[in-house]
Amino acid sequence: MQLLKSLEELRAWRRQQSGTLALVPTMGNLHQGHLRLVEAAKDYADEVVVSIFVNPMQFGANEDLDSYPRTFDADCQALAELGVNAVYAPTVDDVYPRGLAQQTVVEVPGISDLLCGASRPGHFLGVATVVTKLFNMVQPDVAVFGEKDFQQLQVIRLMTQDLSMPIDIIGIPTERADDGLALSSRNGYLTTEERRKASVIYQTLQHIAGLVRSGESDSVALAEGYARIEEAGLNVDYLELRRRQDLLDADADDNELVVLVAAFAGKTRLIDNLQFDRS
């Protein structure tokens, strides 16, 4: 496995590759969900490169950039064991040589302002910008993302389409713990009691989907779900039922749905979603 720490090293390596290439962008602190993305990427291309970069542009002023867990050596060992061809681990100066304030940005209007975009202003601008830069740096044929960050996945799909990027965007189903909690680097912040309470999130998404499929109104299903999460001791940021394709509000005629949630367990913000059909 090649460890590439500069754009020059990456481009020299890329010029040597003759087959198709899949990129798995990450911020490190890899868990089984990330490794599942890597395994899937190997099915879509001849070679796989994983980027590890904690992107400051997508963190808000009061968010956990400084404390975000960094486990670079362990990450590289796990990726080597999976047969990854290369890891690209640039510095902040490599990615933003003129600094964040002077960086040209990429914005995907509309969808970036909803849900997590409303709770975390500027977040998806940071995501779209860094992913565009990684796409330009790595020049992959395929890029693989997890469906846990469903809004992020849709933002990237629209961005890729709007900017005519010749890259296939692949979404991989969420990897979960035995009790249904979506795997996330931020799960490591949870206390034992918070971790126990957090299992209610996915259970509630399943409950909401069941109610909607049975003919219950969307508003009643969401209200019941909201109460379940709050009663378990979590604080709901949002809980919404949306159309899958554009994340706009769903009406009774929409069949392809996704229910999305963000909730705080203590100080830790957890997100999840469940895709389902109304009928």
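Couplings 3J(HN,Hα) of region 11-16, computed from phi: 5, 5, 5, 5, 5, 7 Hz, in residue order, whole Hz [Karplus 6.51 cos²θ - 1.76 cosθ + 1.60, θ = phi - 60°; x for Gly and Pro].
Of all DSSP-defined beta bridges confined to the chain, some 50% are antiparallel rather than parallel. Taken over the Cα atoms of region 185-277, the convex hull encloses 85 Å³ per residue.
Amide H contacts under 5 Å for D237: A262, A263, F264, restricted to partners 5 or more places along the chain or on a different chain, H placed in the peptide plane at 1.01 Å from N. Basic side chains Lys and Arg get +1 at the Cβ, acidic Asp and Glu get -1 at the Cβ, and with that the dipole of the chain about its Cα centre reaches some 560 debye. In order along region 245-253, the Karplus-derived 3J(HN,Hα) couplings, from 6.51 cos²θ - 1.76 cosθ + 1.60 at θ = phi - 60°, round to 6, 9, 6, 7, 4, 8, 10, 5, 8 Hz, and Gly and Pro are given as x. For region 2-172, what is the convex hull (Cα atoms) projected area averaged across all directions, in square nanometres? The orientation-averaged projected area of the Cα hull of region 2-172 comes to 9.4 nm². Sequence gap at least 6, Cα distance under 8 Å: using those rules, report the relative contact order of the chain to the nearest whole percent. Averaging sequence separation for qualifying contacts and normalising by length gives 17 percent for the chain. Rounded to whole numbers, the Karplus 3J(HN,Hα) couplings from phi for region 44-58 are 9, 8, 6, 9, 10, 10, 10, 9, 10, 7, 7, 7, x, 5, 9 Hz, using 6.51 cos²θ - 1.76 cosθ + 1.60 with θ = phi - 60°, and x at Gly and Pro. Using the Cβ of E9 as centre and a radius below 13 Å, the other residues enclosed give a net charge of +2, where K and R count +1 and D and E count -1.
Straight Cα distances below 25 angstrom link K5 to the lysines K42, K133, with same-chain residues fewer than 8 positions distant left out. Oblate is the label for region 215-266, because the ratio a/c of its alpha-carbon gyration tensor axes (a ≥ b ≥ c) is 1.5 or higher and a/b is not greater than b/c.
Values quoted throughout were computed directly from the atomic coordinates according to the rules given, and no laboratory measurement underlies them. The model shown is predicted, which means the values in this text are computed figures rather than measured ones. All Cβ positions, even for glycine, are placed from backbone atoms using ideal geometry, and neighbour counts span all protein chains on display.
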